[in-house]
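Q: Pasting a structure here, questions to come.
The values are calculated or read from the model by the stated rules, or taken from the named source; none is laboratory data. Predicted, not measured: the structure shown is a model, and the values here were computed from it. Here the Cβ is made from the backbone with ideal geometry for all residues, glycine too, and neighbour counts use every protein chain on show.
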């Protein structure tokens, strides 16, 4: 199908973008890479009056390393991350995650900011950034703010973004040199949205760990009891399975045997990948 | 309508477009460049793949107006491209097409793979092509052709033309 008619604007500054997006009485949509919005426009699932193109906002392209974190501009594409354009590889985790998103032609345009702003429950970046403890930087008409990604994503396609706000970037804490990670994803076919995604991150042996399950509930969720097992050096598969199943059961219907086994398996694979490193 | 200026296959082009027009429709309907095929129009089939600023792009997933100031290459503009010449020959030899609907997208992506990777193996090519749908060939000939083209081209990564 073809998209319905809409107006189009290309703001030159974040302030101008905020003003345009906040226009009262109009349904507005921000577009960056457009790899999710274009299908929605073409299928007429999204019917905005005004589409605001963020692709010319240079400050959303900033990639920098500070003493404590890596700044990743919202317009950074999946392909740029796949190709190692960030000053920190997070042990290769972000490159690996990027390389498994959709297809190269989509990764060339799809952005990390767009992915998080859409907050599809089966998207990779919200879960990955949650495992890495990232902050979301946001700008709107009232100025700028920063929020942990776990609080930013509220549910399925739902975030704390106001109508006039955009994501400008992310601050991802610099990892410990000994950071290990595991990533497991089950997809019906390569490049499709996932049925289950798990991330496990451990900062040094016995150090703090984080385990995230995505594509299960309406937003990515932390499994703190499983992270504690990594910190404690638990290697018994039975013990890990038990702890994981308990965690998973809080987020999916317990009586769905398939979903319980699916999500338990992806989390177990991610945890075991960390432990094998 | 909004004015759009871009570099299309090496020539500067200026046209009025509707904001809702995809790059694919712009190429086919306004520029009459019909090598770019439109299959699904929502990013699932890969038939409409072109290059924008040298990057493989689904032209159904990009508004034409977003390409203002950019450079767009379609299959028509790659007739004399050295990588495409080798690829085309191997598509012929390996019978990598039947009806031809997916072929422009397969060629554009095949070229993109060969520009990014040296001598990719069949597994890599299958993975890289997974966003392209062909309903005739069973993919076998296409994968064979791209692998063979990569082997013939060999050497270090080549700059894009």
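Q: Here are some residues: B:43, B:10. Which one is at pLDDT below 95 and touching a helix residue (DSSP H, G or I) at 6+ places or on another chain (Cβ under 9 Å)? Before the answer, list the steps.
A: Details: B:10 fails: at pLDDT below 95.
Answer to the selection: B:43.
Q: Only residues that are touching a strand residue (DSSP E or B) at 6+ places or on another chain (Cβ under 9 Å), part of a loop (DSSP other than H, G, I, E, B) and either away from chain A (no Cβ under 14 Å) or surrounded by 21 or more Cβ atoms within 10 Å (Cβ to Cβ) (or both): list them for the stretch B:65-96, please.
A: B:74, B:81, listed by residue number.
Q: Return the pair list, or none, for Cβ contacts closer than 6 Å from residues in the stretch A:7-33 that are within 14 Å of another protein chain (Cβ to nearest Cβ) to residues that are surrounded by fewer than 17 Cβ atoms within 10 Å (Cβ to Cβ) and part of a helix (DSSP H, G or I), at least 6 apart or on different chains.
A: none
Q: Pull up the stretch B:138-161, narrow it to residues that are assigned to a loop (DSSP other than H, G, I, E, B) and either under 19 Å from the mean Cα position of the chain (by Cα) or under 15 Å from residue B:92 (Cβ atoms) (or both), then point me to the one that is modelled with the highest pLDDT.
A: Initial filter on the stretch B:138-161 (assigned to a loop (DSSP other than H, G, I, E, B)): B:138-139, B:154-161.
Within this subset, residues satisfying the condition of being either under 19 Å from the mean Cα position of the chain (by Cα) or under 15 Å from residue B:92 (Cβ atoms) (or both) are B:139, B:157-161.
On the way: B:139: 97, B:157: 54, B:158: 51, B:159: 49, B:160: 45, B:161: 43.
Per the criteria, the residue is B:139.
Q: So which residues in the stretch A:243-277 are in a loop (DSSP other than H, G, I, E, B) and within 20 Å of residue A:209 (Cβ to Cβ)?
A: Initially, the stretch A:243-277 is screened for residues in a loop (DSSP other than H, G, I, E, B), giving A:250-256, A:277.
Across the stretch A:243-277, the qualifying residues are A:250, A:251, A:277.
Q: What residue, among those in the stretch B:1-22 that are closer than 25 Å to residue A:103 by Cβ and within 10 Å of another protein chain (Cβ to nearest Cβ), is surrounded by the most Cβ atoms within 10 Å (Cβ to Cβ)?
A: Applying the filter and picking the extreme gives B:22.
Q: Output the number of the condition that residue A:120 fails; it satisfies all remaining conditions of (1) within 25 Å of residue A:193 (Cβ to Cβ); (2) touching a strand residue (DSSP E or B) at 6+ places or on another chain (Cβ under 9 Å); (3) not in a helix (DSSP H, G or I).
A: Residue A:120 satisfies every listed condition except (2).
Q: Report the residue count in the stretch A:34-47 for those that are touching a residue at least 24 places away in the same chain (Cβ under 8 Å) and part of a loop (DSSP other than H, G, I, E, B).
A: 6
Q: Here is a further query. Of the residues A:3, A:79, only one is assigned to a helix (DSSP H, G or I) and facing chain B (nearest Cβ under 10 Å); which? It would help to see each step written out before you state the result.
A: Values: A:3 fails: assigned to a helix (DSSP H, G or I).
Going through A:3, A:79 in turn, the sole match is A:79.
Q: For the stretch A:88-110, which positions are touching a strand residue (DSSP E or B) at 6+ places or on another chain (Cβ under 7 Å) and within 13 Å of another protein chain (Cβ to nearest Cβ)?
A: A:100, A:104, A:105, A:106, A:107, A:108, A:109, A:110
Q: Kindly indicate the residue of the stretch A:181-209 that is within 27 Å of residue A:67 (Cβ to Cβ) and over 19 Å from the mean Cα position of the chain (by Cα) and also surrounded by the most Cβ atoms within 10 Å (Cβ to Cβ) among those meeting that condition.
A: That would be A:203.
Q: Would you check which residues across the stretch A:94-105 are surrounded by fewer than 21 Cβ atoms within 10 Å (Cβ to Cβ), in contact with a helix residue (DSSP H, G or I) (Cβ under 7 Å, 6 or more places away or on another chain) and over 19 Å from residue B:110 (Cα atoms) and list them?
A: Within the stretch A:94-105, A:95 is the sole residue that qualifies.
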